Ligand code: LHQ
């Protein structure tokens, strides 16, 4: 249910249940999480590219196996969130390597918020983002109720979440919710080029940069300046920093090795 391949340092993950718009069933939850864990541990992986197969990106939770008339453990959504969504969200945010999301089609419910948890989001012009939760009586999960107000402010976050109406890729770009809307046909190539470029970058420094930017919203300036000092100290001891400076002085492109 998740196609995984490594090329040029990029771990490409394709959500692959196209008949169900790549909605998450248990098997897909587990394979997706295992792949993000692999991104954490494998040195050969220097960036991640997430996309979907077929005409959609991801329609959130598979509601087909959620029939409330059947009851049982599946009706405890707190359990589903704790077991599946929250661990994956934490793994995406704590991954100290860039993760790029190529939203190839509709991203609804948890599918939209998993995309928004990634570091750089490109979307096909025909893609839509839908906070579909309110349509079925739920709240925006997969980090949505945290990320939307931070990115958009309360007025837009509330309207999106309460109404559950589709937002176009272009509107998402103009609101700063995503990095860029691109022509449908150009998306795979642009997203791959971006992921490959980042995979040749100074991985430690990029990972620390991600950590700092994510920490900024929740700490004061003094604490943050201390954190910047510590991260810069770590970056300054990497081989990639030495290579970067030497390459600059020798007027040639740097050859970063990710350490
Ligand atoms: C689907 C789904 C889907 C199953 C399309 N499931 N089959 C929830 C509960 C539990 C725990 C914690 O967290 C969550 C978080 C959530 O994600 S809640 C939100 C769940 N997602 C939704 O409510 C979105 C449901 N889908 C839709 O509203 C539409 O499918 C959208 C607007 C995404 C796309 O519409 P269309 O382009 O018109 O496609 P479609 O509706 O015809 O879907 C194509 C097929 O995919 C269809 O199957 P069929 O056998 O009839 O061809 C759909 O039933 C299936 N599908 N989403 N979430």
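The values are calculated or read from the model by the stated rules, or taken from the named source; none is laboratory data. As the structure is a prediction and not an experimental result, all values here were calculated from the model. Every residue, glycine among them, receives a Cβ derived from its backbone with ideal geometry; neighbour counts consider all protein chains shown.
Points worth noting:
- Enumeration of residues in segment 190-230 that are in contact with a strand residue (DSSP E or B) (Cβ under 9 Å, 6 or more places away or on another chain) and free of Cβ contacts under 8 Å to residues at least 40 places away in the same chain: 197
- Any hit, segment 113-126, residues being part of a helix (DSSP H, G or I), out of contact with any strand residue (DSSP E or B) (no Cβ under 7 Å at 6 or more places or on another chain) and surrounded by fewer than 20 Cβ atoms within 10 Å (Cβ to Cβ): no
- A count restricted to segment 127-139 and to residues that are assigned to a loop (DSSP other than H, G, I, E, B) and either farther than 21 Å from residue 64 by Cβ or more than 6 Å from the ligand (Cβ to nearest atom) (or both) stands at 4.
- Qualifying residue in segment 146-153 (condition: farther than 25 Å from residue 87 by Cα and more than 16 Å from the ligand (Cβ to nearest atom)): yes
- Flag for residue 142 being modelled with pLDDT of 95 or more and outside any loop (DSSP other than H, G, I, E, B): no
- Verdict on residue 157 being within 13 Å of the ligand (Cβ to nearest atom), surrounded by fewer than 23 Cβ atoms within 10 Å (Cβ to Cβ) and part of a helix (DSSP H, G or I): no
- Test result for residue 167, at pLDDT 95 or above, closer than 30 Å to residue 138 by Cα, touching a strand residue (DSSP E or B) at 6+ places or on another chain (Cβ under 8 Å) and surrounded by 18 or more Cβ atoms within 10 Å (Cβ to Cβ): yes
- Only one of 149, 140, 202, 188 that is in contact with a helix residue (DSSP H, G or I) (Cβ under 9 Å, 6 or more places away or on another chain) and under 21 Å from residue 56 (Cβ atoms): 140
- Any hit, segment 59-70, residues being in contact (Cβ under 8 Å) with a residue 12 or more places away in the chain, crowded, with 20+ Cβ neighbours inside 10 Å and more than 16 Å from the chain's Cα centre (by Cα): yes
- Flag if residue 14 is under 29 Å from residue 204 (Cβ atoms), touching a residue at least 40 places away in the same chain (Cβ under 8 Å), out of contact with any helix residue (DSSP H, G or I) (no Cβ under 6 Å at 6 or more places or on another chain) and assigned to a strand (DSSP E or B): no
- Yes/no for residue 203 being surrounded by 16 or more Cβ atoms within 10 Å (Cβ to Cβ) and modelled with pLDDT of 95 or more: yes
- Boolean, residue 195 is assigned to a strand (DSSP E or B) and within 17 Å of the chain's Cα centre (by Cα): no
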